[in-house]
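Q: The following block contains the structure, expressed as structure tokens.
Bear in mind that the values in this text are calculations on the coordinates, not laboratory data. Since the structure is predicted, the reported quantities are computational estimates derived from the model, not experimental observations. Positions of Cβ are backbone-derived with ideal geometry, glycine not excepted, and every protein chain shown enters the neighbour counts.
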Amino acid sequence: MEVSSAIAIFALIWVVSAFAVLPIGLRTPDEVEGHQVEKGQADSAPVNFRPGLVVMRATVVAVILFALFYANYVFGWIEVDDLNFFGRPPGFVDRT
């Protein structure tokens, strides 16, 4: 695998991880006692959003998932043929 491919795959995994960890730990004004909703603020807006923590969590998750992906790439635990649940299509010619 080339370095540019590895960087691109890691970036994709990181973005998906960021969206996955984004809602963890957020609280709305309804969940926090004594917090007043300001004029123009949505009732569902988080009170304690910390982007640095989201970046750190996403990076940790992405590193773990990329390590598993790369280990699978190197050792070949799961290959394309392992994911073919429906068999070969009619008329398929293997050209390997």
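Q: Spelling out what I want: for every residue of region 52-61, take phi, set θ = phi - 60°, compute 6.51 cos²θ - 1.76 cosθ + 1.60 (Karplus), and round to whole Hz; glycine and proline get x.
A: x, 5, 5, 4, 5, 4, 4, 5, 5, 5
Q: Further question on the same structure: Give the residue from Val37, Phe66, Pro89 lying farthest towards the positive end of the charge dipole for the chain; charges sit on Cβ (+1 for Lys and Arg, -1 for Asp and Glu) and the dipole is referred to the Cα centre.
A: So the residue furthest toward the plus end is Phe66.
Q: Let me ask something additional. Tabulate in residue order the Karplus-calculated ³J(HN,Hα) for region 72-82, using 6.51 cos²θ - 1.76 cosθ + 1.60 with θ = phi - 60°, rounded to whole Hz; enter x for Gly and Pro.
A: Taking θ as phi minus 60°, the curve returns 5, 4, 6, 8, x, 5, 10, 10, 4, 5, 5 Hz for region 72-82.
Q: Output the peptides 20-27, 9-16 sorted from most to least packed, where packing is the average of other Cβ atoms within 10 Å over each peptide's residues.
A: Listed from highest to lowest mean packing, they are 9-16, 20-27.
Q: What ranking do Asp82, Asp94 get, fewest neighbouring Cβ atoms within 10 angstrom at the top?
A: In order of increasing Cβ crowding within 10 Å: Asp94, Asp82.
Q: How far, in nm, would the chain grow between Asp30 and Val47 when pulled straight, counting 0.36 nm per residue and subtracting the alpha carbon separation?
A: 5.2 nm
Q: Related question: Treat every Asp and Glu Cβ in region 14-96 as -1 and every Lys and Arg Cβ as +1, leave all other atoms uncharged, and give the resulting dipole magnitude about the Cα centre to the nearest 20 debye.
A: 220
Q: Further question: With angles folded into 0 to 90 degrees, how steeply does helix 3-21 sit against the dominant principal axis of the chain? Use alpha carbons for both and round to 10.
A: With both axes taken from Cα atoms, the answer is about 40 degrees.
Q: Now for a different question. What does the charge dipole of region 1-47 about its Cα centre add up to, to the nearest 20 debye, if the Cβ of each Lys and Arg holds +1 and the Cβ of each Asp and Glu holds -1?
A: Once rounded to the nearest 20, the dipole reads 140 debye.
Q: Also, quick follow-up: Step through the residues of region 28-43 one at a time and calculate ³J(HN,Hα) from phi using the Karplus curve (6.51 cos²θ - 1.76 cosθ + 1.60, θ = phi - 60°), rounding each to whole Hz and writing x for Gly and Pro.
A: 8, x, 5, 8, 10, 6, x, 8, 9, 7, 7, 5, x, 8, 6, 5
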